[in-house]
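These notes are about the structure you will find just below.
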Amino acid sequence: MTVADLSQASRIRERRWVTQCALSRVCGCCAMSLERPVAFLGTGREVDRNAFHLPPMHLGCAEELRRTPGADPDWHLVTTSGFEFVRPDRDDPDPEPRFEPNSLVD
Amino acid sequence: MAISDVQEYMHLTDEEIEQLGRELDAIRKEVEDSRGPEDAAYINRLIRIQRYLAVAGRLSLLLGTHSKRTRVPAAVTGATLLGLHKILENMEIGHNVMHGQWDWMNDPEIHSSNWEWDTAQPAEQWKHSHNYVHHQFTNVLGYDNDIGYGILRMAREQRWSPVNLGQPVYNAALATLFQWGVALHDLDIERIRKGEKDPKEMKRQLKQIFRKGRNQILKDYVVYPALAGPQWRTTMAANVAANLTRNLWSYVIIFCGHFPDGAMHFTEEEIEDETRAEWYLRQILGAANFEGGPLLHIMSGNLGYQIEHHLFPDLPSNRYGEISVKVKALCEKYDIPYTIGPLHRQYGQALRTIVKLSVPNSWTSSDQPEPPTPPRSRRRRSDSERPDRIRQLGAWSRGTSQERKAS
């Protein structure tokens with residue numbers, strides 16, 4: 001189990017970092033290799049759509065990030081084994097890259 | 001110049017390119033919706049076979065080399081089985097598992113975060129240099145470090161230097177020692193030489209490489225030969241042969257993916273403002289397939305379907321064959337080149353490019369249509385210099401969800 005490390009958390013809304021985390025399969029908060037299960041933080045709407053905008057994270061890092069003072073109070077934590085990385089299309093109503101968990105873990 | 005301005009696309013309207021993107025999305029969705037127990041059985045079967053091959057190879061060397069009568073056949077059999085095990089593990093299993101192709105199975109063992117493969121490069125570094133740098137910036141000069149692996153000049157747009165005269169020799173050395181070349185790939189030696197690499201990150205990576213390389217050497221050249229007792233030399237020679245076979249095979253397969261005639265290179269200007277559909281187009285035009293039967297495709301990690309792998313790197317590799325039929329039909333429909341040929345021809349073309357580009361451009365003629373771009377520096381870019389996908393990724397709100405709702 002990785003110790004929570006938020007050293008890279010300031011980048012979790014940068015497009016380049018989001019893409020790099022998705023493809024390199026590293027945690028958006030600490031930049032270390034992801035572990036199973038992969039954690040996503042998202043709003044209720046993101047959970048309902050199964051489309052998350054923040055990069056994948058370690059479970060411990062996501063829990064720690066949720067506890068930080070600047071955290072979004074509407075964030076929910078979802079864990080999954082795998083995810084699809086979806087690049088938005090030209091006319092996509094959601095212009096942000098997103099993650100669709102495909103094998104939720106309790 | 002945008003990617004859509006490349007000659008091969010000029011006949012397509014923006015709407016046609018977007019329509020092609022939607023049709024490729026539909027192929028992806030169909031596979032995502034239909035993957036299930038049969039796919040899981042495929043990868044589990046292959047892992048079992050790969051492990052049987054490893055055990056059979058080790059047993060042949062341990063038990064068969066003590067008698068003078070069986071020594072040579074046992075050594076040949078052992079080396080062959082071990083070579084097959086390493087090829088299967090690296091190409092069809094390790095490479096594809098690390099792309100996350102099997103994460104959906106929810107199997108703790110067959111998962112992109114856990115798999116450590118039987119080669120010198122640490123999995124974590126492979127996932128950065130290959131999954132991110134190569135797959136995100138496919139064939140973009142100065143960004144994709146797979147274009148010549150920092151050793152070879154593979155595009156006419158790259159500046160020639162007298163050092164390139166030695167390319168045929170460097171190429172032979174790279175092929176022979178391929179696992180070690182790949183092990184150093186993510187270090188980016190050029191940036192280290194120029195003092196541009198973060199020393200802390202470099203130290204961390206070097207430690208990882210040292211640890212992984214040491215374990216590989218201990219396993220193949222110390223522990224197993226020691227277990228063979230008096231026949232340690234035979235076992236060591238068989239292990240050298242197995243590693244060499246894997247090195248040469250994986251080198252050939254990888255070089256057939258992007259260097260045969262028809263696989264194009266791009267410039268950073270061409271990926272500016274790239275939409276998702278244009279990203280798909282760049283993957284199609286930057287990759288090359290080779291033909292073969294099911295066994296050849298499995299032993300090459302299904303990279304004979306390089307175009308399909310680049311379009312959908314995280315879909316299960318056993319589905320690339322069926323996907324290729326649909327992608328090829330789409331390429332015909334939209335009149336887009338689909339580069340494919342027999343393995344020997346594809347590798348022959350890559351080898352010819354290596355030899356031709358060892359000398360200045362004026363001495364040779366180009367073998368493929370390439371966009372007229374000025375000579376470019378071969379300097380590699382760091383992650384911070386790699387561009388954002390401006391339109392492809394869209395504008396990013398930095399606010400919280402509540403701020404976004406409020407706006």
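Out of all the residues in the range A:76-106, which are of a type in the set (A, V, I, L, M) and within 11 Å of another protein chain (Cβ to nearest Cβ)? Of everything in the range A:76-106, those that are of a type in the set (A, V, I, L, M) and within 11 Å of another protein chain (Cβ to nearest Cβ) turn out to be A:V86, A:L104, A:V105.
Among the residues that make up the range B:267-280, is at least one of them in contact with a helix residue (DSSP H, G or I) (Cβ under 9 Å, 6 or more places away or on another chain), open to solvent by 30 Å² or more (accessible area, probe 1.4 Å), under 27 Å from B:H297 (Cβ atoms) and not hydrophobic (A, V, I, L, M, F, W, C)? No, there is no match, as no residue in the range B:267-280 is in contact with a helix residue (DSSP H, G or I) (Cβ under 9 Å, 6 or more places away or on another chain), open to solvent by 30 Å² or more (accessible area, probe 1.4 Å), under 27 Å from B:H297 (Cβ atoms) and not hydrophobic (A, V, I, L, M, F, W, C).
Results for (1) assigned to a loop (DSSP other than H, G, I, E, B); (2) modelled with pLDDT under 95; (3) surrounded by 16 or more Cβ atoms within 10 Å (Cβ to Cβ), shown as yes or no for each residue.
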| position | (1), (2), (3) |
| --- | --- |
| B:R51 | no, no, no |
| B:L62 | no, yes, yes |
| B:T77 | no, no, yes |
| B:E92 | no, no, yes |
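Considering the range B:164-204, the qualifying helices (runs of 4 or more DSSP H), each wholly inside and each with 2 or more residues that are under 20 Å from B:Q216 (Cα atoms), run over B:167-176, B:178-183. When restricted to residues that are open to solvent by 40 Å² or more (accessible area, probe 1.4 Å) and either of a type in the set (D, E, K, R) or touching a Pro at 6+ places or on another chain (Cβ under 9 Å) (or both), the range B:33-47 contains 3.
Annotation for the range B:161-169: at least one member residue is open to solvent by less than 10 Å² (accessible area, probe 1.4 Å) and more than 26 Å from B:A41 (Cβ to Cβ). Taken together, the criteria place A:P73 among residues that are assigned to a loop (DSSP other than H, G, I, E, B), surrounded by fewer than 18 Cβ atoms within 10 Å (Cβ to Cβ) and within 12 Å of another protein chain (Cβ to nearest Cβ). The range A:1-67 holds helices (runs of 4 or more DSSP H) entirely within its bounds, and those carrying 2 or more residues that are touching a residue at least 24 places away in the same chain (Cβ under 8 Å) and more than 10 Å from chain B (Cβ to nearest Cβ) map to A:59-67. For B:S67, indicate whether it is of a type in the set (S, T, Y), open to solvent by 10 Å² or more (accessible area, probe 1.4 Å) and in contact with a strand residue (DSSP E or B) (Cβ under 8 Å, 6 or more places away or on another chain). No, not satisfied. When restricted to residues that are at positive phi and surrounded by fewer than 19 Cβ atoms within 10 Å (Cβ to Cβ), the range B:174-216 contains 1.
The values are calculated or read from the model by the stated rules, or taken from the named source; none is laboratory data. All values reported here derive from a predicted model rather than from experimental measurement. FYI the Cβ positions are ideal-geometry reconstructions off the backbone, even for glycines, and counts take in every protein chain you see. Side chains included, ligands, DNA and RNA excluded: accessible areas come from the protein's heavy atoms. Shrake-Rupley method; radii C 1.70, N 1.55, O 1.52, S 1.80 Å.
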